[in-house]
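Values in this text are rule-based calculations from the coordinates and carry no lab data. A quick note: this is a predicted structure, and the numbers were derived from the prediction, not measured. Neighbour counts run over all protein chains shown; Cβ positions are idealised from the backbone, glycine included.
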Amino acid sequence: MEHIRTPKVEQVKLLDRFSNKSVIGTLHLTATHLIFVESNSTSAQEIWILHHHIASVEKLSLTTSGCPLLIQCRNFRLVHFVIPRERDCHDIYSSLLRLLRPVSYDELYAFSYNPKQNDQQREEGWQLIDLAAEFERMGVPCDQWQLTDVNREYKVCETYPRDLYVPITASKPIIVGSSRFRSKGRFPVLTYFYQEKKAAVCRCSQPLSGFSARCLEDEHMLQAISKANHNSRYVYVMDTRPKLNALANRAAGKGYENEDNYSNIRFQFVGIENIHVMRGSLQKLLEVVGTRSLSMTDYLVGLENSGWLRHIKAIMDAAIFLAKAVTVEGASVLVHCSDGWDRTAQVCALGSLLMDPYYRTIKGFMVLIEKDWISFGHKFADRCDQLDPDPKEVSPIFTQFLECVWQLTEQFPQAFEFSEWFLIQIHEHVHSCQFGNFLGNSQRQREVLQLKERTYSLWAHLLSEKQNYLNPVYSPSFAESHPVLEPSTQACHFKFWRNMYHQYDRSMHPRQSILKQVLTFKESNRELEGTVQALKTKLQKFGVSTSPLKPQTPPRERSLPPRPQSLILGAPLLSRKEVQQEEDEEVFGEEAREDAPASTDGERTVEGSSATENGYGELTGSFGSKNEPAVVTLEFGVARMTC
Amino acid sequence: MELSEHIKTANVEDVTLRRPFHPALRGTLCVTSHHLLFSDRKDEASWQLLILLKNIDAIEKSVENLFGYPRAVGSSGTITIKCKDLLVLQLEIPGMEECLNIASSIEALSSLESVTEMYPFFYRPSHLTLNGPWGLSSTEQYYKQTERLWDRWRVSTVNSDYSVCPSYPSAVIVPREVDDDKLIHSARFRQGGRFPVLSYCHHRNGMVIMRSSQPLTGANKKRCKEDELLLQAVIDGSELGYIIDLRSAQQAQQARMTGGGFESKSFYSHWKRIHRHHERGKVVQESLIKLVEACSDPSHSVDRWLSKLENSKWLSHVHSALSTAGLVVECVERDGHSVLVHGSEGTDNTLLVSSLAQLILDPASRTVTGFLCLLEREWIQAGHPFQQRCAHSAYSHARLKQECPIFLLLLDCVWQVWRQFPLALEFSEALLLRLAQEVYASNYGTFLCNSEQERCAAGVKENTHCLFQSLLRPDIEEQYLNPLYEPTDLAIWPSVHPQSLQLWTGLFLRWTEYAQNMEEAREEVWSIVKEHHEQAGPDRTNNTLSTHCDTLTSFENLMDELTIL
């Protein structure tokens, strides 16, 4: 709190990013949030910005109306305030500068956030995801794979988790030897086991091969992986880097596997660019889509020049290669990049998602992130700029993974239990530092920070509002018929993810949401079914059959065709009980007209939109705002979700 | 020449058909005067593919052994058929001669120019009769139904013999105080005689959208008093109207050199002119060709794809059409002024903008019936030259003449609006796709000819069936309805940020696996909505349930009493 000099500024103007619109309101600065409250309007909008979400604050040069303050957030929100007095602006500016650069983990929001749960609830939240159980689900340990305790004390590899799965034939000396030959000690370990063909997906970092070095233990290790799979004589080694990068690494004593030294491997470069290229690419993308009155040509050219979708496709291609090798050829695959925590995590996670329908459910997706990203040491703290920023370490690697998943949900609308709002919400919290899950760079660090004792788990929070993230057209039977997804990699299927990168630019969103409408329908269907059941049991309790009630039902017009009377129309005869049920349902179905308006009235968002936001140009601005229908609010209040 | 004379080989056996995402099939191929029929050879439940020859845009043949011996063993040919609905088929035909015969028959029969030889004149399904009404409405009926017009507007039949304007219908709606004589003068001052007529009157404020062609001011700035009076009568005392000229200011200036021009400020002092550049004709046709080409090559890298997508400019056309329509709506709805829309000829972009503006403004045009009526009024009766514009689609190698996919562009824009307001339209994407297909090749007469006059002369109304009538039969297919439809009275302004617009994958990637996944998801939505309707009931007036609950309560009371006793 000592950093806050001016907690409240009035008469602050908030400018719309893409139009000439602006609103006046009050700016509040708290220890955790910057809050803007619109004044005078009846439906005053509030904007809550968590300090951790702020990527940069910029004070622009003074104008006649005040001092502009430009705030850019990691969740792609961009706000432009104009503060009347320069002094206030400067106070806010310098407070924010300090607040958005926490110097120690203790300052992170997660350590002060308290959702009013007791310790037991918190513990239960952390126990939701159990990776040992996950490996068991895959069928590991088994006759070829075992749990090793070699990293119990984080002695062999401090960025790996304690529990690791390796081939039974890989002895401790082999593991230790192999780890010495791998960058950061990240030796090959199992991350996914495809039970049907006993094929394994393993991950590691690059070998320290330089120009000619070799390591017998490492060669044995790969041999062991190969031997553990009787279906295939060879094991694929996927180096997810472009060949040039791998070659360059040789000069630094690192590099890639020499096929002559390793028997039975098939080596393959995949060509995903490094974190610096990805960072630059996203920056370019955001610059393009942030341009005001952008023309279609500039948009498409900018999209192309940013290279963003090219990178997304490269990751997808790699994952598809992995999934094909495992499911079609039944071969085991070893994936690595340089350190084995960025591209490797992307490819392993996405590949597993393609192979295993479980990871396409809400719970399964959490498990997947917990396994391939959190436990295997994707450096969330560095990549997401949580603390002690080194701008060279920041990169949207995890965002890319989420986007790849989104691209898949677009191609397979029925394959995923969750909707894009789930992905966006996860993205929000990777940066919010509100929950403990993503803090730090490795499991070891998390243990030192005692996150499980001092913070809450995001997964419990997300599961508690699971309703909001469901995909209403999800079909488990689709998963049965398509256990392995085979996405098209045609370029035209890779689309710009507007709802992610413009999640706060409401004028760009569809004004009505199919998703929300169908979800509401589905939810109300579920509720009605419940009511029917409840009333039925009640009636049964009284020993009353519903049939006497039937004559009371007045004949009525229905806009839907009436159910066929089985006897008359010669339809298959239902059993007496079923007929009874149908009648019950029909009678109780009427209830909705009286008691369940939620589906149609309560929840309904306003249709229509306003003209000034659409950028038709020319006439805009010359009109005062007449009573325009409001824009649809963001799906589930994403705007305020961190509060 | 009889149509059948084009057919040299009518039947070929053992033909292999290849379609995207289906296994190859062997069967018999038949060519008739209007159709290509393929039937597989299984006896029961045989599968057939029937393609209107008119749907075939281009045909490519490759024959092995072209200069060798005819009928040599194993000689065969492959015909690739590219349809106007963007489907591409391959037929492997045994026998070189047969292959060449089939190809030449298809070529000849798919490019018939005579209207009365076209299939709609032969299409006689048992469930339709020719005696019914043709079309959904007429200008007179529209006027009669639209009470807000009665006061200030009238129906003029000055064009009853199509002499004033050959491309207008026989009746048009004009300001009440302007007599037919003035209309004739105004028509002489407008290209193609398309004088300003009413297109839409806004139900909220009575402001109107007019449309016309460009005035023929020419190089020496001619003027026409009657035309000025006509427009003055449109705004009737209000101080301002907007003219949305669908050309850039420079183009409008240049048009004067060829006898065209624009309404100058000095003579039309109450009208404010706004120029918006829209591509037309060949440029738009080439956009379609480039886009379809980009979509049909699966090997493109992302960069190449984006560059080709950009280069096609198709989305830019969508963008400008929606922006200008938004501008028109802004003038009418927010600014409360009337608008005159025109480009040069007033038969293409003008109709595109005026009909899109109506879709945005008018809830009535968002129902199935309303939308089809809108198309009938603003495109068919208003004289969009369908025959010229839709003679060829994206694959044709023929030299372009008057082709231009403006109607397809309209459907794309409507699709964009639906994307942004998925609850506001009563019809579904399937209806748009059906229209996109019918406009190029159809069993029905609706899209035949270039104007009402031509349709009358060819006897289209007497001898063909009407597509719109057939779409609106009481058993209208469920797939054309939007399960989520919830009517709204408000204007539905689409966002025209490039990020808000998308490639219409339903059309341009129609024949891919992707489309199949979408279709399944759509069915799922239908079933959820249906379940909802079944459980919740579509109407809320009935209170059977409360009766039911009352009974339950009385039972409960009884039980309570019993317990006490």
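Things worth noting here:
- Extension gain, residue A:328 back to residue A:244 (0.36 nm per residue minus Cα-Cα distance, nm): 27.3 nm
- Cα-centre dipole for the range B:74-168 with unit charges at Cβ (Lys and Arg positive, Asp and Glu negative), debye to 20: 580
- Over all distinct Cα-Cα pairs of the range B:3-112, the Kirkwood formula returns a hydrodynamic radius of 14.0 Å.
- ³J(HN,Hα) computed for each position of the range B:221-230 - Karplus, 6.51 cos²θ - 1.76 cosθ + 1.60, integer Hz, glycine/proline x: 6, 5, 9, 9, 4, 5, 5, 4, 5, 4
- Computed over the range B:221-293, the alpha-carbon pair-distance distribution with 10 angstrom bins reads 17, 39, 26, 12, 6, 0, each value a whole percent.
- Here the Debye sum runs over all C-alpha atoms of chain B as equal scatterers in vacuum, and log10 of I(q)/I(0) at q = 0.09 Å⁻¹ comes out as -0.76.
- Under a model in which nothing but the beta-carbon of Lys, Arg (+1) and Asp, Glu (-1) is charged, chain B shows a dipole of about 2560 debye around its Cα centre.
- Computed from label points 7 Å out along Cα-Cβ, the spacing between residue A:195 and residue A:283 is 4.7 nm.
- Computed from Cα atoms alone, the Kirkwood hydrodynamic radius reported for the range A:132-174 is 10.9 Å.
- Residue order, fewest to most surrounding Cβ atoms within 10 angstrom, among A:385, A:342: A:385, A:342
- Built amide H within the under 5 Å cut-off of residue A:55, gap 5+: A:72, A:73, A:74
- Counts of other chain beta carbons within 10 angstrom of each beta carbon in peptide A:299-309 average 5.
- Where labels lie 7 Å past Cα in the beta-carbon direction, separation of residue A:293 and residue A:448 in nm: 5.4
- Separation between Cα centres of the range A:369-416 and the range A:158-181, rounded to whole Å: 26
- Kirkwood-based shape ratio for the protein assembly as shown, expressed as Rg/Rh from alpha carbons: 1.00
- Gap separating the Cα centres of the range B:358-385 and the range A:7-34, nearest whole Å: 44
- Magnitude of the charge dipole for the range B:3-112, about its Cα centre and with charges confined to Cβ atoms of Lys, Arg (+1) and Asp, Glu (-1), is about 180 debye.
- For residue A:111, net neighbour charge (Lys/Arg +1, Asp/Glu -1) across residues whose Cβ lies under 12 Å away: -2
- Shape of the range A:8-101, Cα gyration tensor, a/c cut at 1.5: rounded
- log10 of Debye I(q)/I(0), alpha-carbon scatterers only, for the range A:119-502 at 0.10, 0.11, 0.12 Å⁻¹: -0.62, -0.76, -0.92
- B:2, B:140 arranged by Cβ crowding within 10 Å, fewest neighbours leading: B:2, B:140
- Volume in Å³ per residue [convex hull over Cα atoms, computed for the range B:95-147]: 146
- Karplus-derived 3J(HN,Hα), 6.51/-1.76/1.60, for each residue of the range B:235-243, Hz, glycine and proline x: 7, 6, x, 5, 7, 8, x, 10, 9
- Summing charges over neighbours of residue B:162, with a neighbour being any other residue whose Cβ is under 10 Å away from its Cβ, gives -3 when K and R count +1 and D and E count -1.
- Modelled spin labels at residue B:145 and residue A:260, positioned 7 Å past Cα toward Cβ, are 8.3 nm from each other.
- Judged by the mean number of other Cβ atoms found within 10 Å, the most tightly packed of the peptides A:207-216, A:112-121 leads the ranking A:207-216, A:112-121.
- Radius 12 Å from Cβ of residue B:527, net charge of other residues (Lys, Arg +1; Asp, Glu -1): -3
- Residue by residue along A:402-412, Cβ atoms of other protein chains within 10 Å of the local Cβ number 1 on average.
- Surface/4 estimate of mean projected area, convex hull on alpha-carbon atoms of the range A:178-253, nm²: 5.3
- A helix-only calculation puts the protein assembly as shown at -11000 deg cm²/dmol for mean residue ellipticity at 222 nm, using -39500 (n - 2.57) for each DSSP H run of at least four residues, averaged over all residues.
- Phi-based couplings in Hz for the range B:323-336 (Karplus 6.51, -1.76, 1.60; Gly and Pro marked x): 5, 5, 4, x, 5, 4, 5, 4, 4, 6, 7, 8, 7, x
- A cut-off of 5 Å between modelled amide H atoms, ignoring neighbours fewer than 5 places along the same chain, links residue B:56 with B:84.
- Average beta carbon contacts from partner chains per residue of B:329-342, 10 Å cutoff: 3
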